[in-house]
Structures are given as C-alpha cells and as structure tokens.
Amino acid sequence: MIMKEQPLKLHGQLIHPGENREVGYPVGSLPSGHRIQASIHVYRGMAPGPCLLLLAGMHGDEINGVEILRRSLDEGMFGPLVAGTVIVAPLLNVFGFINFSRDLSDGKDINRSFPGSVKGSLASRLAGQITRELLPVADYIVDFHTGGASRYNFTQVRYSDDNAASLELARWFGAPFLVRKSVIGHSLRKTATRMGKPVIVYEAGESLRYDPAGIREGQRGIRRVMAHLGITNGEEESPDPVELSESTWVRATHAGLFLWATSSGSFVRKGQTLGDIHDPHGKVHHIVKPSRDAWVIGHNNAAVVSLGDGLFHLGWT
Ligand SMILES: [Zn+2]
C-alpha cells in the first residue's frame, strides 16, 4: 500500500495532514463567457495512510452518483479522518449536468476520451486533467455511475480481472451484485488500471432519476471501504454480494410496446416470462424469456422499443 507523505499537492495547492480543503479546477467556460469550475474536496487524516478517490458525475445526467457524494459531504462522512486521505469529486461534468446530458455540448463522452490530452477536444482535456492530477495521487478509486436513459441498473459494482486488487476493493465496497466486466477502451477505468490502480465502477438506477436504495447502498459502500482501509474507525455490516463472472443483455427480437414483468434484482429460471412486446393493434404478442437461469441486474423502462434494444441485463455466477 502506498503511504502518502505529507503534504499532498493538488492543482498547485499544498494540503497538510489534518487539513480539509476545497480545491477549484477551472474546466473551461460557457459560450456566454461564464467561467466553469469543478470543485474537489480533500480530507486528510493526521496519520499517513492510503488515498481514496471518489468520482461522480462524469456523465452529467447520472444523478445518483452525484447525490451519493453530495449527501456524504453534507452529512460530514469524511471528517475527521483517522488516517490517510479522501478526495471527493462530486460533479466532474458540469456542462452535461446543466444540460441534463451524459456528454459535453459537442456530444463527446469524457469517459471515452481517456487518457486525454492538453490540446484536444474539451472531453479529452477534462480526461487529461483527471489523468494528470487526480489519478496519480490515488491508491484506490471508486467511479460512481448510473444506467442510461430508461436503462435501469440494479445496484452493482463492476471490476475487471486486469488488477487483482480491484476485486478486493469491490468486495470491501460490497453491493448486492459484483459484476466482472472488461474495461472499455479510453475509459477512466482502463487508464487507472494501466496505472496499476485498483478501480471499481458503482452503478445504480437510471439517469436523471433518484434511486433511494442505490444512493443508500453507495454511501454504505464508501463507509465500508474507508473502515477497511483504516481511514475511519467506523464499522459496517459485511455484505454478502452475488458475484457474477459474466453478463449480457437480452435484446428485443421485435419492435413494439414493451412491458416488463420481472424487476431487476431477482433470480429467474430458464423459460420464465420476463416481459412482453406487443404491437399497438392488440394482435402481435411476443414473450421475452431467458435461455438459461440467471440474475436480472438491469432492465429497460422504455415503453416503446426497437428491434435490438437491450431489454434485460442478465448475469451468471
Ligand atoms: Zn456513466
């Protein structure tokens, strides 16, 4: 475990043991000329210890992660720390947040722009800032996300096999499901993994909609990781997650009106009815069934679906 020597330098500011500081990062400006700044909250314990980096809102419409960190900051969950450092970035994509959008205004996705650059697109510049300034100081990273528009993710943590410590971190965090997923090209998770950092992605609910259970579980996971790392003295009950080694989406074989009959979080049997697709005239009726027993870890809340749309995200141990 890397022990942080004192003081910690972030964006030109020195933050000493026992000190808490809000560090502002300029991230660009609006066409109106208004300057945009992202705020990072740094908490340091007096004793040396690991540095935990908590990131949310890289996709501006993924509100549950933003709310998990906002609520945690508001409730004073990070202070005073016994040891080590916690860095909290509750809203990385200010532009997407104010536009209710996953992406930046040019349609680019920060989480597909890593490791980023100094002179590229805005997404690439923001990714580059995170890669250069935040990832190097972190020993453990949790990146909070939410399902897409109308795609609901049951509370889950995603990790990859590329770094053995990522599975360990996932187990400390705990969640109803721990899902093994390969890293996506040009994502934060890929860059952090290449840097040898244990990193997990937390997923809960769908975009622009609160998921109260997922928010509570996210906070509990942070408390468990902090206690496990010795950053706090807190105790949290150990979860008993279902560990899934593979997962895939069941896709619509027809377009039409979609009604799901099985909610996420449940275990389903081969051939069981998961949902139905109907045509608007009451004539055609297609039942959606799994081809094998599975856990349902996500579903589509859209009323109207097209051929090939993901309907249910199924996972297997
Ligand atoms: Zn996301």
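The values are calculated or read from the model by the stated rules, or taken from the named source; none is laboratory data. What you see is a predicted model; the values in this text were computed from it and never measured. Every residue, glycine among them, receives a Cβ derived from its backbone with ideal geometry; neighbour counts consider all protein chains shown. For accessibility, only protein heavy atoms count, side chains too; no ligands or nucleic acids. Shrake-Rupley method; radii C 1.70, N 1.55, O 1.52, S 1.80 Å.
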### Query
Ranked by accessible surface with a 1.4 Å probe, highest first, in what order do T131, T317 come?
T317, T131
#### Entry: Heavy-atom accessible area order for D162, D240, D309, largest first, 1.4 Å probe
D240, D162, D309
### Message
Compute the distance from the alpha-carbon center of region 44-61 to that of region 188-237, in whole Å.
### Response
10
### Query
Just how much of M77 is accessible, in Å², when a 1.4 Å probe is used and the result is rounded to the nearest 10?
30
### Summary
Among Y140, Y159, Y25, the residue with the largest mean-square fluctuation in a Gaussian network model of the chain built from Cα contacts under 10 Å is Y25
### Eligible lysines near K197 by straight Cα distance, threshold 22 Å, same-chain separation 8 or greater
K4, K9, K181
#### Entry: Accessible-area ranking of R224, R71, largest first, probe 1.4 Å
R71, R224
### Message
Suppose every Lys and Arg Cβ carries +1 and every Asp and Glu Cβ carries -1, with no other charges. What dipole size does the chain come out with about its Cα centre, to the nearest 20 debye?
### Response
600
### Message
Keeping all protein chains in the complex and leaving out DNA, RNA and ligands, what accessible area do you get for I287 with a 1.4 Å probe, in Å² to the nearest 10?
### Response
90
### Query
Given +1 on the Cβ of Lys and Arg, -1 on the Cβ of Asp and Glu, and no further charges, what dipole in debye does region 248-316 carry about its Cα centre, rounded to the nearest 20?
220
## Note on the structure
Summing +1 per Lys or Arg and -1 per Asp or Glu among the other residues with Cβ less than 13 Å from I277's Cβ gives 0
### Query
Counting DSSP beta bridges in the chain, what percent are antiparallel, to the nearest 5?
65
### Value of [θ]222 nm, deg cm²/dmol, for the chain, DSSP H segments ≥ 4, -39500 (n - 2.57) each, nearest 500
-5500 deg cm²/dmol
#### Entry: Leading residue at positive end of dipole, the chain (Cβ point charges), from V142, F312, L122
L122
### Residue of N93, N64, N163 that the Gaussian network model of the chain assigns the largest fluctuation, springs spanning Cα pairs under 10 Å
N163
### Task
May I ask for the net charge around F177, where only other residues with Cβ less than 13 Å from the Cβ of F177 are counted and Lys, Arg are +1 while Asp, Glu are -1?
-1
### Task
Can you grab the distance from the C-alpha centre of region 246-316 to the C-alpha centre of region 84-116, Å, no decimals?
31
### Task
For L30, tell me the accessible area in Å² from a 1.4 Å probe, rounded to the nearest 10.
50
